[in-house]
C-alpha cells in the first residue's frame, strides 16, 4: 500500500479527506481508512456486478467489524433513475438499516451519484463513503457532494447536495478499466486545465503519452491536481450559487447530447468532450478566446482518444430545447461557461444569439 497524497475538501463541519494512492484496496490499509469514517456497525455497499466481482470482497473484508449488506444495481447511465433509487431505499428498509448505517459507493459516477442521493434521502440523511473505480469518478463526480438521478426531461434533475465522509481513490483500479472508460475520465481532467490551470493543460499536452500508458506517477499527478482544483471551487461555493458553475464547462452542450441520444449511448465524458469542443468554438466565435485555442483543446481531446464531433446529426432546435433544462438556466435565459483563455472561464448569459445559432449549425448538421 502507498498513500501518495491527501487532499482536504474544506467545508467547515462537513470537511472531509480525499485519500489517493496505490493498492489502497488490496494492501490492507482500507480497513484503517474506513474505520476512521464509518461510525456505525451497519454498512451497505452499493455497486454493480462487474465492480463487485473485482473489489467487493476487499471492501467487505475492510468492513468486517460491521454488518454488511450489498446492493447490486445494473451497470450504466440508463439505470441512474428514480426507479433504481426506489429499489435502494426498499433494500435499506427491508434489511432494517437505521440512521447510524453507512452507504459505501463502490463504482463509477453512476453508482456514486445514486448511492449518494440514497444516503441523502434515507431517514433524512445517513453517512456515506465514496470509493470511485473509474477515472471520471475519481477526478470529478466523487468529490463535491453532488448526488442525483436522471429524469427523461434532463440529466441529474432530481438530487441533493450531500457530502461524503471521505473519498478513497486507488489508482491501481484503473488498470482494469476499459480504454473507452479511461479516456472518458480524461475529458474531465482536460476541463480542469481549461477552467483553472494553464500549467496543467500544458502538462497534459506534454505528457499525453505517459498518461495513456497509465504511468502511475502521471495518474497520481492528474488525479491529485484535479481533486485540488475541484476541492478549492467547492469550498468557495458548495451549492453552485456562483463560481462552482465553472465546473460545467462543456456540460451544457454535453448534457443535451446525452439527453437527445438516450442516456447510455454516450459515456458522460465522451459527451462532455464534444461539449467542450463546441464551447471552445463558441468562445472563439464570441471573440473571447484567442484564435487557435479551440484547436488546442480539440487536439488534446483527440490525443486522449475522445470524440470531438457528433456521430449523428441533431437538429439545432432540439439542442436548444434540451439545453433549456440545464440547471444554469436563469429566468428562461440560457447561460454558458465560456473560456477567455486556457485557464480562465466565466459564466454568462450575455452572448449574441446569432453566434450560438452559427455554432449549432456548424456542429449539429441536421
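Miscellaneous remarks
- Site pair residue 82 and residue 35 shows an inter-label distance of 4.3 nm when each label is modelled 7 Å from Cα along Cα→Cβ.
- A convex hull fitted around the alpha carbon atoms of segment 1-66 yields 100 Å³ per residue.
- Fewest-first ordering of 155, 230, 41 by other beta carbons within 10 Å of each residue's beta carbon gives 41, 155, 230.
- Kirkwood hydrodynamic radius over Cα pairs of segment 179-364, then Stokes diffusion coefficient at 20 °C and 1.002 mPa s, in µm²/s: 130 µm²/s
- Note on residue 94 and residue 237: the extension gain reaches 47.8 nm, defined as 0.36 nm multiplied by sequence separation minus the Cα-Cα distance.
- Dimensionless Rg over Rh [segment 266-366; C-alpha; Kirkwood]: 0.94
- Separation of alpha-carbon centers, segment 268-316 and segment 94-159, rounded to whole Å: 29 Å
- Computed log₁₀ I(q)/I(0) - Debye formula, equal Cα scatterers, no solvent, segment 50-190, q 0.12, 0.14, 0.20, 0.22 Å⁻¹: -0.45, -0.62, -1.30, -1.56
- Between the helical axis of 353-364 and the longest alpha-carbon principal axis of the chain there is an angle of about 70 degrees.
- Rounded, prolate or oblate (a/c below 1.5 giving rounded, otherwise prolate when a/b exceeds b/c) for segment 83-123 by Cα gyration tensor: prolate
- Taking only the Cα atoms of the chain, the ratio Rg/Rh comes out at 0.96, with Rh defined as the Kirkwood radius.
- Label zone at residue 325, where the point sits 7 Å out along the Cα-to-Cβ direction: segment 148-181 residues whose backbone N lies under 18 Å: 148-160
- Contour excess over end-to-end distance, with Cα ends at residue 202 and residue 53 and 0.36 nm allotted per residue: 49.9 nm
- Gyration tensor verdict on segment 16-109 (Cα atoms; rounded if a/c is under 1.5, prolate if a/b is larger than b/c, oblate otherwise): oblate
- Computed extension gain for residue 13 through residue 362, at 0.36 nm per residue and net of the alpha carbon distance, reaches 120.8 nm.
- As computed over segment 152-241, the Cα convex hull volume per residue (Å³): 142 Å³
- Sequence of 124, 31 once ranked by neighbouring C-beta atoms within 10 Å, starting from the fewest: 124, 31
Values quoted throughout were computed directly from the atomic coordinates according to the rules given, and no laboratory measurement underlies them. All values derive from a computational prediction rather than experimental measurement. Positions of Cβ are backbone-derived with ideal geometry, glycine not excepted, and every protein chain shown enters the neighbour counts.
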